[in-house]
Amino acid sequence: MDVLDHILEEHEKFREMASAVESSEGKDKIKLFRQLYAEVKGHHEAEEHVVFPDVKAQVEGEDLELVKEMVEEHSLGGYQFSVLERTSVENDTWDAKFTVLVEVLDHHMEEEEQEFIPLAREALSKSELEAKLQAFEDTMKKYVAEMQKKLKD
């Protein structure tokens with residue numbers, strides 16, 4: 001398995017996690033939301049530290065703009081996560097805010113799957129992509145743990 005295959009697996013997991021948040025209530029909803037928040041944060045950090053820089057170095061023009069857009073979409077998702085974290089789940093806007101977050105994440109994942117991943121497969125060799133898997137997983141674990149600690153405080 002290479003890092004891009006792993007990213008695709010993560011996307012499916014995030015979709016399932018988001019559905020679980022949507023169908024839960026109260027403390028369970030917050031617990032599942034925070035788990036999703038931590039995992040997506042770790043995933044985004046791993047992409048930005050392990051995958052995006054090498055692809056960015058190999059592309060130019062519209063392809064370079066696509067990589068930059070991926071980072072900006074991470075920032076947008078992070079903002080929406082932080083808004084939800086500061087909003088009580090009892091607030092009548094929480095579910096609407098979460099729906100917006102899911103729309104942002106879905107758009108990003110679809111664009112990554114349809115545009116960025118094919119670009120990355122052209123820019124980097126199969127062996128380079130395979131070699132990035134462990135660094136991606138290690139980076140993701142580090143940031144997931146940091147976010148989980150932050151969300152508990």
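With an 8 Å cut-off on Cα pairs and a minimum separation of 6 or more residues, tell me the relative contact order of the chain in percent.
After rounding, I find 46 percent.
Under unit Cβ charges (Lys, Arg +1; Asp, Glu -1), what dipole magnitude, rounded to 20 debye, does the chain have relative to its Cα centre?
Computed about the Cα centre, the dipole is about 980 debye.
Of the listed pairs LYS27/LYS149; LYS31/LYS97; LYS27/LYS152; LYS29/LYS68; LYS29/LYS141, which have alpha-carbon separations greater than 21 Å here?
LYS29/LYS68; LYS29/LYS141
For a Förster distance of 22 Å, can you work out the FRET efficiency between the beta-carbons of LYS27 and THR93, rounded to the nearest 0.05?
The pair LYS27/THR93 has a calculated efficiency of 0.70.
Of [x] 16.7; [y] 16.0; [z] 20.3, which is the value of Kirkwood radius over Cα pairs in Å derived from the coordinates here?
[y]
Given the rule -39500 (n - 2.57) for each run of at least 4 DSSP H residues, summed and divided by the residues of the chain, what is its mean residue ellipticity at 222 nm, to the nearest 500 deg cm²/dmol?
Helix-only estimate at 222 nm: -27500 deg cm²/dmol.
Set Lys and Arg Cβ to +1 and Asp and Glu Cβ to -1, take the dipole of the chain about its Cα centre, and tell me which of MET147, LEU105, GLY42 lies farthest positive.
MET147
Please sort 109-116, 23-30 by packing, taking for each peptide the average over its residues of neighbouring beta carbons within 10 angstrom, highest first.
109-116, 23-30
On a C-alpha basis, how far is the centre of the range 1-27 from the centre of the range 84-153 in Å? Whole number, if you could?
The range 1-27 and the range 84-153 have Cα centres spaced 9 Å from each other.
What does the charge add up to near GLY42, with Lys and Arg as +1, Asp and Glu as -1, over the other residues with Cβ less than 13 Å from its Cβ?
Every neighbour counted, the sum reads -1.
We did not get these values from a lab; they are worked out from the coordinates using the rules stated. All values derive from a computational prediction rather than experimental measurement. All Cβ positions, even for glycine, are placed from backbone atoms using ideal geometry, and neighbour counts span all protein chains on display.
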